[in-house]
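Every number here is computed from the coordinates shown, using simple stated rules; none is lab data. Small disclaimer: the values here were computed from a predicted structure and weren't measured. Note that we place each Cβ from the backbone using ideal geometry, even for glycine, and neighbour counts take in every protein chain shown.
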2 protein chains.
Amino acid sequence: MISVPFKVLLALTVVCSLINPASAQQRQVTEVAPGVKKISIGQADKFSPYSFCDEKPQLAAMQQLPAAKLPFDINNIAVAITDRGVVVEVPLDGDEQLYGFGLQIGSFNQRGLRKKPIVNDNPSNDLGYTHGPTTFYVSNKGYGILVNTSRYTTFYCGSTSRNNGAVAAVKQTNGGNSVEDLYANRSGASGVVSADVPGAKGIEIYVFEGPDMLSAMQRYNLFSGGGALPAIWGLGVKYRVKADFKQDEVKKTAAYFRNNHIPVDVLGLEPRWQTTAYSCSYVWNKDFFPNPQNLIDSMKLQGYHINLWEHAFVNPASPLYEPLKNKSGNYLVWNGLVPDFANAATSKLFAGYHENTFIKQGISGFKMDECDNSNLSYGSATWSFPEHSRFPSGIDGEQMHQLFGLLYQKSIYNVYKQNNIRTYLDVRASSSFASSYPAALYSDTYEHDEYIRMVVNSGFSGMIWSPEVRESNTVKDLMRRSQTAVLSAQTLYNSWYLQNPPWLQINKEKNNHDELMADSKQIEADVRQLLNFRMSLLPYLYNAFAEYHFKGIPPFRALVMDYPNDEKVFGIWDEYMIGQGILAAPLTEKADQRKIYLPAGNWYDFNTGKKMEGGKEYTIQPTYTQLPIFIKEGTILPLAKPLEYVAPNSQFDITCYVYGDNAKGTLFEDDGITFNYEKGKYNSIGLSYENGKGKLNRKGSFGNKRYAIKKWEVVK
Amino acid sequence: MISVPFKVLLALTVVCSLINPASAQQRQVTEVAPGVKKISIGQADKFSPYSFCDEKPQLAAMQQLPAAKLPFDINNIAVAITDRGVVVEVPLDGDEQLYGFGLQIGSFNQRGLRKKPIVNDNPSNDLGYTHGPTTFYVSNKGYGILVNTSRYTTFYCGSTSRNNGAVAAVKQTNGGNSVEDLYANRSGASGVVSADVPGAKGIEIYVFEGPDMLSAMQRYNLFSGGGALPAIWGLGVKYRVKADFKQDEVKKTAAYFRNNHIPVDVLGLEPRWQTTAYSCSYVWNKDFFPNPQNLIDSMKLQGYHINLWEHAFVNPASPLYEPLKNKSGNYLVWNGLVPDFANAATSKLFAGYHENTFIKQGISGFKMDECDNSNLSYGSATWSFPEHSRFPSGIDGEQMHQLFGLLYQKSIYNVYKQNNIRTYLDVRASSSFASSYPAALYSDTYEHDEYIRMVVNSGFSGMIWSPEVRESNTVKDLMRRSQTAVLSAQTLYNSWYLQNPPWLQINKEKNNHDELMADSKQIEADVRQLLNFRMSLLPYLYNAFAEYHFKGIPPFRALVMDYPNDEKVFGIWDEYMIGQGILAAPLTEKADQRKIYLPAGNWYDFNTGKKMEGGKEYTIQPTYTQLPIFIKEGTILPLAKPLEYVAPNSQFDITCYVYGDNAKGTLFEDDGITFNYEKGKYNSIGLSYENGKGKLNRKGSFGNKRYAIKKWEVVK
């Protein structure tokens, strides 16, 4: 938690203008970082998301942002504390657009909706349930609001109107002839966003000022410690092998990739590497893996990193059980303890075991499963600890649910960091102020549209989303999903129930009977081409993550974040920016073509080099091996000769593609695997192209030149 | 509320055995009616469901039930009051089966599940959301538990296990190869049902004792005032006309039914009868209905009752607006006031207008729409008042949501009752202790399977469910849905967006263009046949409702309620009992045949008369005009010559079908339209068949013999 308030701006007794408060309360407004103000009123929760944020705000970077500005007086944010809890009301303009509430799966523009961002494993109804809830939203008017609570909170995003005498401008009707007519959203007339926080006795509200939407988002990420910078190999390809693979089968799969020149950096082991998985023992299953150290070492020689699946529910057979028995919640999950991660010593104990056992062995990361919750899961299953659970720290089950994934990834991340080893984790739940953790969220859901929407929404949440590829209905489905995976923060094939890679056989049953598709070699070649593109894009992507870390710019973000005043992008949930210059517009198996909208300026079709005018719609029809991306005029896109994996000393031979007459780009250069960049051991490489000539300007103290610009190619 | 406790059984300081309570609290156990005990602890909620139950418990009837028995010591129900709220824990046997939580749409046997019974208009995710939530469940071990709260409550039905040192008998696994394997419900090891009531400072728990499941359910219904007894005409057919029909079109439709001898008792008018409907003016729209009194009167002459659609959100243009302005919540819905129904005088004011305006005109009932809530509705619409709303009575929005439909139907029902007029209402939300209200729930959802499941679940909730027929995918769909409608508590065709009855054209667009199906006359004849059966069944059904009223026996109920020890019925959600002797097993359009299970005893196929041995499965394949029903041996099924509508003095010519050598039956005879039966003005008719001879035994003081037994027919 940030300890030194910048200055106390206001300390006054507020008569709330919008809410009749049960009692007028003393409230304080503090500037806690440049452009970040905190309103405190009443007795704030002990277990708030920010209370667990150990990362320091990146103050210097925040000072570089344009002068902070809020479109309304901060004192017009009203707070009422009643017997029921706390209600917050934030002013809202008639034409304002709202985004956020974490990794929302079913909705994008939240204006007019009611959202309850609650952590859940299968948020198939659009109530606001998500793997990664935040009580945070941003407005296209250039600010963000975070209600700092882990309690289940409901946001009414301009969907209410008040009985205060004034007749609201709601269309009156005597009903239509369809259900859709009847329930057409006649609300949105309200000039307010309300947040209902039952059970709270006070509240802290963080206000992230603009002046624009991207700046507000940058402030949020920088205040959270800066965006995550994964290990460079993490931006390659991750492949999770079948759950019942034994050591030799893992090696066989690894050999297949290398023999067929299919880029893969990380191999993931699924539940059965452990003696018991539901709940977890955290002990190697010697029947399946007789010599784990040998596996890890031999895989390392072939350039692989190993990632281990687990969850945090501790089996009685685990060496962690006895030490954690009295440091856990009063309910079990799958007969396993629920460690009290809200207690720092307990987190450390749990993570310390991982450090001494697995990180020492050379395990490069973990897939932290099941840390969300299940209100409804597959079939009739319900699991996880009840909301009324109690933990030794004093936190209850409800708040623990909202924070569990956050605290889990934090504790595992911290031991890597203490060892000066970078990682790229998988995690199934997260929360607010998580920007600094290099952990990609994933889901058992599998709607391709929803996966794309989550890539786009991830930019509003300080989270990383991994639209993994599993089985497919059709080859088209496989190829389009692979394209989306390549155009996302983590390219992951999750074959935990597939004997062979899905590109050899899309059908699960046939795949597991080793019946490969007739044209499997062609499909393999097509996938290889896509994955090679991923490896080419890696330096550009790595730079985008560096800008996430140092400047707070989300590497994947909605068009509205860059074009907050273009009303044509207010609802676009299926196109997004990657880094500064790439616009992606993924296709699904539903159609062979799609409409795209390009915002103001000029753009270039990456596949054809064709120049396209912005502010217009186009129809595109890319093949399976053509990625649906468009490059902004003025961009230098550095593409590398694809590697099969990134080794500690890998060099990248780069061709700079120049879009337009004058163009710029940057690259971030460091060892990619330690935190030495935090001590300044990195280079910033400026790329520019002017008057027909490309220039490279390398600044910094990192000695090893990993990037070699081999060629400049002008596209126009 | 019942005022005189029977006796205080216990008043002791309890050390809760299952929960470590924050503080030991004084608790009282009172027997409030025969076999109904109330546990009180801490400061109980003011706005609990029972606090609004004005109906008196049917004490005499309760005393007729078998001696009350609970399978565990009531003191083993543990309660903890903490900062978070209240947690209740009720003992649970290893093999116990649980049902209830109101009109659940997606689940039936609730054992092992987590359920949050929250009022909602579109509960498509199986979290427990429903139009008719109750905090009540029944066990096949013969008791029911009601947590008397209107707060959003979560029940963990044996889905948790405790970290208390004992290792629970949960299967340990190292994971399967499918998502289903992984999430297989490994829980259920817990010997407890927990209810989590956040925000409560104390609680009342009603325990409905057995000795068996049906007795417990009877006690619940009788304690709630006895089950509803609708006006006899309500058990005929209701037809809702297109929303934009004008007076003449309504008359035309009415004439069509009579000309074609299609039985219809009630015509429902949809939104546009009002000057403004979203929100409501409660004023006739003279453009559409220039002379409402003429319509009502002329329809009455043809035997029709008129039902008016409305909701409770009061438009500024309504005469009710000014009187209610300061008696409503602090938020509007569709710019309309939300009357504070928790205040008796406000309810009376609202209902009084209905009495003076509409009931006086001869309106026979209302469809009380939109009184649920919308967390997610069609598309992006969200509406209704927020959960943090405040009302003059002091109730908050959350509790008001849970109670709104209950209080709405109660206030409308009460004015009918005060006028000694019986009715049959439609309502879109209900709650606990609603058994006595003759109001059928309905939904905008339209899954036939779910509709059947709600018929079955209605028996655990003290509610009436109306699986209405709208458009259809296929003629098969129409016919199967019609069958289910005929075999339910209300037979309703809701053509609010259809120009013609759906049996003339299933397709919405064609229907509205008057393009009738080529075989529409044949389909019409088939539907007529089904509706005629409904009219034949009416005396039997009416008697089932009388048994609901006087004995608390749900007229529609799951097999498990009658056969609580037959494990083969524990999961059967698609077969149900109607009255004492009919088992229904509806089909949907999914298949032309289905499996049925018949419990112990002998049964007769209604269509063929074939005797079938119980305890076995059969496959049935009824045609569109054959109803999938089976008659229990020993039943006398009185079927009437079908009427086209039930007039005040209608006589029923009855044939008694006798199933088996010795058989019994009953009929309930009264005027069918007043509450005079409450003063004893009714006859109980005993039917018996022994030694080849049928006997009728009429007892009571109702003078008019409505039922004439014309014939006895033995089926064997």
_Estimated vicinal HN-Hα couplings, Hz - segment A:509-519 in sequence order (Karplus 6.51, -1.76, 1.60; Gly, Pro = x)_ = 5, 5, 4, 6, 9, 6, 8, 7, 5, 4, 9
*Over its Cα atoms, what ratio of radius of gyration to 2.2 N^0.38 Å does segment B:303-434 give?*
1.02
*Could you list the trypsin sites (Lys or Arg not before Pro) in segment A:308-376 that lie in coil according to DSSP, counting only those with at most 13 other Cβ atoms within 10 Å of their Cβ?*
A:Lys360
*Identify, among B:Gln593, B:Ala254, B:Tyr493, the residue whose Cα sits farthest towards the positive end of the charge dipole of chain B, taking +1 on the Cβ of Lys and Arg and -1 on the Cβ of Asp and Glu, with the dipole about the Cα centre.*
B:Ala254
*Any chance you could check the Cα centroid distance between segment A:344-368 and segment A:487-560 for me, in angstrom?*
27 Å
*For segment A:232-505, the spread of Cα positions along each principal axis, largest first, Å*: 53, 41, 38
*Which GluC sites (Glu not before Pro) does segment A:466-548 hold that lie in a coil by DSSP with at most 16 other beta carbons within 10 Å?*
A:Glu515
*chain A: C-alpha pair distances exceeding 39 Å, %*: 32 percent
*Taking the Cα centre of segment A:506-716 as origin, sum charge times position over the Cβ atoms of Lys and Arg (+1) and Asp and Glu (-1), and report the length of that vector in debye to the nearest 20.*
800 debye
*To the nearest 20 debye, what charge dipole does the protein assembly as shown have about its Cα centre, counting +1 at the Cβ of each Lys and Arg and -1 at the Cβ of each Asp and Glu?*
960 debye
*Cut-off 20 Å (backbone N to label point 7 Å along Cα→Cβ of A:Thr655), residues of segment A:532-572*: A:532-542
_Dimensionless Rg/Rh of segment A:584-716 - Kirkwood Rh, Rg from C-alpha atoms_ = 1.04
_5 Å is the cut-off here: which amide hydrogens, built 1.01 Å from N in the peptide plane, fall below it relative to A:Thr423, excluding neighbours closer than 5 in sequence?_
A:Ala231
*Excluding A:Leu559 itself, what net charge comes from residues whose Cβ is under 12 Å from its Cβ, given Lys and Arg +1 and Asp and Glu -1?*
-2
*Ignore the peptide's own chain and count Cβ atoms of other chains within 10 Å of each Cβ in A:155-162; give me the average, rounded.*
5
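Hey, what number do you get for chain A at 222 nm if only DSSP H runs of n ≥ 4 count, each worth -39500 (n - 2.57), divided across all residues, to the nearest 500?
Per the formula, -6000 deg cm²/dmol.
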_Compactness of the protein assembly as shown, expressed as Rg and Dmax over alpha-carbon positions, Å_ = 33.6, 113
_Among B:Gln626, B:Ser520, B:Trp233 - extreme Cα towards positive end, dipole of the protein assembly as shown, charges at beta-carbon_ = B:Trp233
*asked:* Can you compute the charge dipole magnitude of segment A:220-312 about its Cα centre, using +1 on each Lys and Arg Cβ and -1 on each Asp and Glu Cβ, nothing else charged? Give it in debye, rounded to the nearest 20.
replied: 160 debye
*Shortest first and in nm with one decimal, please list how far the B:Gln26 label point sits from its counterparts in the other copies (point 7 Å along Cα→Cβ).*
3.6
*Measuring from label point to label point, each 7 Å out along Cα→Cβ, what is the B:Asn507 to A:Glu567 span in nm?*
3.8 nm
_Amide H within-cut-off set for A:Val86, under 5 Å, with H built and near neighbours excluded_ = A:Val197, A:Gly199, A:Ala200
*Just report the Cα centroid separation between segment A:281-309 and segment A:584-605, whole Å.*
42 Å
_29 Å Cα-Cα threshold exceeded, pairs from A:Lys410/B:Lys115; B:Lys37/B:Lys551; A:Lys590/B:Lys115; A:Lys238/A:Lys360; A:Lys325/B:Lys37_ = A:Lys410/B:Lys115; A:Lys590/B:Lys115; A:Lys325/B:Lys37
*Could you check the simple spin-label distance between B:Lys616 and B:Asn691, using points 7 Å along Cα→Cβ, in nm with one decimal?*
3.3 nm
*Dipole of segment B:630-711 (Lys/Arg Cβ +1, Asp/Glu Cβ -1, origin at the Cα centre): which of B:Gly660, B:Ala647, B:Gly672 lies farthest to the positive side?*
B:Gly660
*Could you pull out every residue, at least 5 positions away or on a different chain, whose amide H is within less than 5 Å of the one on B:Tyr278? Hs are placed 1.01 Å off N in the peptide plane, and Pro or chain starts have none.*
A:Thr173, A:Asn174, A:Gly175
_Per-residue average of Cβ from other chains inside 10 Å of B:386-393_ = 6
_Cα gyration tensor shape for segment A:452-495, rounded if a/c is under 1.5, else prolate or oblate_ = prolate
*Taking K and R as +1 and D and E as -1, what net charge do the other residues with C-beta under 9 Å from the C-beta of B:Arg84 add up to?*
-4
*What is the sum of charges around A:Asp653, taking Lys and Arg as +1, Asp and Glu as -1, for the other residues whose C-beta is under 10 Å from the C-beta of A:Asp653?*
+3
